[in-house]
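The values are calculated or read from the model by the stated rules, or taken from the named source; none is laboratory data. Not measured: the values here are computed from a predicted model. Here Cβ is always computed from backbone atoms with ideal geometry, including for glycine, and neighbour counts include all displayed protein chains. These accessible areas exclude ligands, DNA and RNA; they are computed on the full protein's heavy atoms, side chains included. Shrake-Rupley method; radii C 1.70, N 1.55, O 1.52, S 1.80 Å.
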Amino acid sequence: MRRIVALTGTVVFLDAMLFGAIIPLLPHFADTYDLSKFEAGLLLGAYGAGSLLGGIPGGLLVGRIGPKRGVLAGLTVLVLASVAFALSGGPVALGLSRFVQGISSATTWAGALAWVAVSVPRERRGQALGTVFGLAVLGFVMGPMFGGFADLVGIRGSFVTVALVAAGLVLALARVSPPPNEAPSPGAIGRALRDRAFVGGLWLNTLPAVFVVAGLVEVVVNPVIGKISDRHGRLYPVRIALIASIAVAGAIAFATEPAVIALLVVAASVSFGGFYTPGMALVADRSERARLPQGIGFGVTNTAWAVGALIGPAIGGALAQALGDPVPYLACAALCALTLVVASRGATRLRTA
């Protein structure tokens with residue numbers, strides 16, 4: 001089990017690192033290719049667009065060919081896309097390679113999380129998924145550092161190196177035994193989408209993406225949250241995180257001192273990030289109950305996350321511009337309060353299900 005968690009965690013670490021690596025490189029590309037702010041925004045968003053469009057298809061692919069083959073397929077595409085990014089000679093080629101990286105991300109995430117979910121005993125599933133997600137957070141934190149390093153020593157060589165690392169992961173994973181097969185069940189998707197707990201798990205992956213903050217503290221916190229959810233139920237840590245998120249978002253809305261805001265942002269990274277691990281574990285549990293292949297369940301989850309990541313900043317920016325900066329944070333607090341009410345009512349049903 002530890003080997004599977006380590007290897008799949010490395011896969012999502014690499015993927016998340018590439019997601020954030022573009023941020024410090026944007027000024028370089030904007031100057032090199034004379035990009036407008038809109039064009040730079042398109043380049044930045046290409047990865048997310050690929051993840052959004054590839055989420056459900058990637059999950060269906062994993063459900064059809066299995067988690068191991070899904071991860072290998074996604075990594076192979078990542079190798080090719082990374083080489084293409086390294087050799088790109090213009091903004092269109094850069095954007096297309098980032099878009100393809102996003103598509104590969106949707107498949108590798110669905111496959112990696114499904115692999116863990118079907119390989120680990122249910123009573124340890126939350127902790128295992130939390131460990132994998134903690135490595136993904138570490139990758140997201142390291143992404144801008146890698147991008148800055150690439151800008152310093154050479155973009156081409158840096159991204160070719162990433163491609164070589166991904167190819168090495170393909171070789172390492174090819175030698176690992178595949179997880180148990182999941183027999184597809186007719187009507188499983190419909191059963192899952194009618195399951196309030198499954199839909200709740202999707203929402204718990206969408207809500208924190210609206211308020212997207214990540215930090216090194218989440219690397220340590222997420223496995224702990226997963227272990228708590230294994231022992232006390234999936235919604236126990238969620239309710240605690242929701243209460244904390246309401247308080248933090250409300251405080252950020254009215255904070256003015258830079259030092260206070262910095263502390264609140266760190267607190268937000270813990271509270272909002274506390275939804276992910278129990279949300280993923282809840283999706284895995286209810287997918288199992290609905291006889292839905294885990295890859296499909298996590299493919300839908302990827303899409304839910306991408307929707308939150310795309311619409312959250314847009315709606316937040318519009319609210320801030322029209323009504324003032326505190327309003328988006330108060331809106332997040334209101335969403336958390338509403339989710340807390342629903343989660344509190346749902347906890348009893350889950351214990352008796």
Q: Name all residues of the range 78-122 having a backbone nitrogen under 14 Å from the label point set 7 Å from the Cα of Glu39 along its Cα→Cβ direction, giving them as ranges.
A: 89-96
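Quick check for me: using +1 on Lys/Arg Cβ and -1 on Asp/Glu Cβ, what's the dipole size of the range 84-203 about its Cα centre, in debye to the nearest 20?
Values: 9 positive and 4 negative charges, 52 e Å.
Computed charge dipole of the range 84-203: roughly 260 debye.
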Q) Using the alpha-carbon centroid of each, what span in Å lies between the range 138-185 and the range 250-299? A) 24
Q: Take the Cβ-Cβ distance between Val342 and Arg291 as r, set R0 to 30 Å, and report the resulting FRET efficiency rounded to the nearest 0.05.
A: 0.75
Q. Which listed residue (Leu52, Ile23, Thr301) has the Cα farthest towards the positive end of the charge dipole for the chain, taking +1 on Lys and Arg C-beta and -1 on Asp and Glu C-beta about the Cα centre?
A. Thr301
Q.
Suppose a student asked you for the relative contact order of the chain, using Cα pairs under 8 Å spaced at least 6 residues apart; what percent would you report?
A. 26
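Keeping the other protein chains in place, figure out the carbon and sulfur percent of the accessible area of the chain, with a 1.4 Å probe. Kindly include the intermediate steps, with their values, before the conclusion.
Details: 10830 of 15730 Å².
Result for the chain: 69 percent of the exposed heavy-atom area is carbon or sulfur.
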**Q.** Value at 222 nm in deg cm²/dmol, rounded to 500, when DSSP H runs of n ≥ 4 in the chain each add -39,500 (n - 2.57)
**A.** -29500 deg cm²/dmol
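Mind putting a number on the dipole of the chain about its Cα centre? Charges go on the C-beta only, +1 for Lys and Arg and -1 for Asp and Glu, and I need it in Debye to the nearest 20.
Working: 25 positive and 14 negative charges, 331 e Å.
With Lys and Arg at +1 and Asp and Glu at -1, about 1580 debye.
Residues of the chain: accessible area per residue at 1.4 Å, in Å²? Intermediate results must be reported in sequence, preceding the final value.
Numbers: 15730 Å² over 353 residues.
With all protein chains present, the chain gives 45 Å² per residue.
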